[in-house]
Amino acid sequence: MVSRKGIRHFLTVFVLAALALSGCAGNESLNVLAPSGTSAEKSLDLIKLSLFIMMGVFAVVISIYIYVLIRYRKRKGKDVMPKQVHGNTIVEIIWTSIPIILITILAIPTVKYTFDMANTRASEDSITIKVTGYQYWWEFEYPDLGIKTSQELHIPVGKQVNFILEGKDVIHSFWIPALGGKMDVIPGRTNTMPLDAKKPGVYQGKCAELCGAGHALMDFKVVAQEEEDFNKWVAQMQKPSPVQTASQKQGEELYRQNCLGCHAGTNPNVQGPDLTKFGTRTTIAGILENNEKNLKMWMMHTTDVKPGSLMPKIDYLQPQEMEALVDYLMSRK
């Protein structure tokens, strides 16, 4: 019969396990076990290899443990100290050699993959993207295409993407779980990282280095597109966005007065992202769906939405002025 104490222990373990597993969302774009890029596939190979090695070691150790428990258990009527064994050179050589062999098995592909995943090469089948990390947003610049954007990264499927990673304030870490591993983004230092996407889709990007109050919300989207769709996006980004209505013209003037000092794409001391093609993005600040309601909320409550954000609140405009500014920004396509 199961005691009440045993039931309580079982329920406690069950609840704790449920709480721990509740953080495991079914989002494949954040799942390193569902790779969509060459680098991610190699990382998964190493995860599997290390797991098999650990399972083998566990099986051997637990087998020896169970054998010893049974073989040398205390028997009724036999209270004799077993023969003590020590100084066995052969046994010591075996249990020293086995870990060395296992580490070598794991080290060989690890070293090979490390060099493979650091190999950036410029060719017709590759593109270069400069990534700059800020608190708490990402800037993406395509130097060969004359494009600069933020929070939403577009890449062509099947082509190697050579990332040039730089930081402007503190240390960040650039990570797209479904496409590859992490790389630190360090102020004053340039790191490089090649990645590719093998199938179209929208993948989640994260900052994997604690960088301040807004670290957990320093997200970005990676849109992997077939080459034809990617070229259409490039053409759209290179084409100027006309100002058509009176509301948009008023919004443009308000933008120049209130936003241009921090959001000018040509400003080398930029404090905020380039908003030239803001209307093409699917998110605001990397975390909110891009629509008029969320844009108003973001501008009026920036630090409430993303703690530590350097963008000041724009809560002093008249309702009609806010409508015009939102209309202008949403028309930037």
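The values are calculated or read from the model by the stated rules, or taken from the named source; none is laboratory data. Please read these numbers as outputs of a predicted model, since none were measured by experiment. Here the Cβ is made from the backbone with ideal geometry for all residues, glycine too, and neighbour counts use every protein chain on show. Areas reflect the complete protein model, heavy atoms only, side chains present, ligands, DNA and RNA absent. Shrake-Rupley method; radii C 1.70, N 1.55, O 1.52, S 1.80 Å.
Tell me which of these residue 188 doesn't satisfy, since it passes every other one: (1) among the small types (Gly, Ala, Ser); (2) free of Cβ contacts under 8 Å to residues at least 24 places away in the same chain; (3) in contact with a strand residue (DSSP E or B) (Cβ under 7 Å, 6 or more places away or on another chain).
(3)
Give me the pairs, please: first residue somewhere in the range 112-134 and in contact (Cβ under 8 Å) with a residue 24 or more places away in the chain, second residue anywhere and open to solvent by 60 Å² or more (accessible area, probe 1.4 Å) and hydroxyl-bearing (Ser, Thr, Tyr), beta-carbon distance under 9 Å, and either six or more positions apart or on two chains.
As it stands, the answer is 118/192; 120/192, since those pairs meet every condition given.
Which of the residues that make up the range 71-90 are open to solvent by 100 Å² or more (accessible area, probe 1.4 Å) and part of a helix (DSSP H, G or I)?
So the first thing to find is which residues in the range 71-90 are open to solvent by 100 Å² or more (accessible area, probe 1.4 Å), and the list is 71-74, 76, 78-81, 83-86, 90.
Result: 71, 90.
Hey, any hits in the range 91-104 for a residue that's part of a loop (DSSP other than H, G, I, E, B) and either free of Cβ contacts under 8 Å to residues at least 40 places away in the same chain or under 30 Å from residue 218 (Cα atoms) (or both)? Steps first, answer last, please.
At the first step, the residues of the range 91-104 found to be part of a loop (DSSP other than H, G, I, E, B) are none.
So far as the range 91-104 goes, no, none of its residues is part of a loop (DSSP other than H, G, I, E, B) and either free of Cβ contacts under 8 Å to residues at least 40 places away in the same chain or under 30 Å from residue 218 (Cα atoms) (or both).
Report whether or not residue 94 is farther than 30 Å from residue 282 by Cα, among the β-branched types (Val, Ile, Thr), surrounded by 10 or more Cβ atoms within 10 Å (Cβ to Cβ) and at pLDDT 95 or above.
Details: farther than 30 Å from residue 282 by Cα: yes; among the β-branched types (Val, Ile, Thr): yes; surrounded by 10 or more Cβ atoms within 10 Å (Cβ to Cβ): yes; at pLDDT 95 or above: no.
When the stated conditions are applied, residue 94 does not pass them.
So that you can scan it fast, the table gives a plain yes or no per residue for (1) part of a strand (DSSP E or B); (2) more than 21 Å from residue 290 (Cα to Cα):
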| position | (1), (2) |
| --- | --- |
| 124 | no, yes |
| 132 | yes, yes |
| 138 | yes, no |
| 178 | no, yes |
| 189 | no, yes |
| 194 | yes, yes |
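Here's the yes/no breakdown for (1) within 14 Å of the chain's Cα centre (by Cα); (2) buried (at least 20 other Cβ atoms within 10 Å of the Cβ); (3) modelled with pLDDT of 95 or more:
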residue	(1), (2), (3)
140	no, yes, yes
146	no, no, no
154	no, yes, yes
158	no, no, no
168	no, no, no
174	yes, yes, yes
182	yes, no, no
213	no, no, no
217	yes, no, no
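Mind counting the residues in the range 143-165 that are touching a residue at least 24 places away in the same chain (Cβ under 8 Å) and more than 28 Å from residue 34 (Cα to Cα)?
Restricting attention to the range 143-165, the residues satisfying the condition of being touching a residue at least 24 places away in the same chain (Cβ under 8 Å) are 145-165.
Then keep just the ones that are more than 28 Å from residue 34 (Cα to Cα); that gives 145-148.
Total satisfying the criteria: 4.
Could you list, in sequence order, the residues of the range 275-295 that are open to solvent by 30 Å² or more (accessible area, probe 1.4 Å) and over 23 Å from residue 213 (Cβ atoms)?
276, 280, 282, 291, 292, 293
Looking at the range 306-333, which of the residues that are open to solvent by less than 30 Å² (accessible area, probe 1.4 Å) and under 27 Å from the mean Cα position of the chain (by Cα) is modelled with the lowest pLDDT?
It comes out as 309.
Of the residues 257, 271, 244, which is in contact with a helix residue (DSSP H, G or I) (Cβ under 6 Å, 6 or more places away or on another chain) and surrounded by fewer than 19 Cβ atoms within 10 Å (Cβ to Cβ)?
On the way: 257 fails: in contact with a helix residue (DSSP H, G or I) (Cβ under 6 Å, 6 or more places away or on another chain); 244 fails: in contact with a helix residue (DSSP H, G or I) (Cβ under 6 Å, 6 or more places away or on another chain).
Of the residues listed, the single one that is in contact with a helix residue (DSSP H, G or I) (Cβ under 6 Å, 6 or more places away or on another chain) and surrounded by fewer than 19 Cβ atoms within 10 Å (Cβ to Cβ) is 271.
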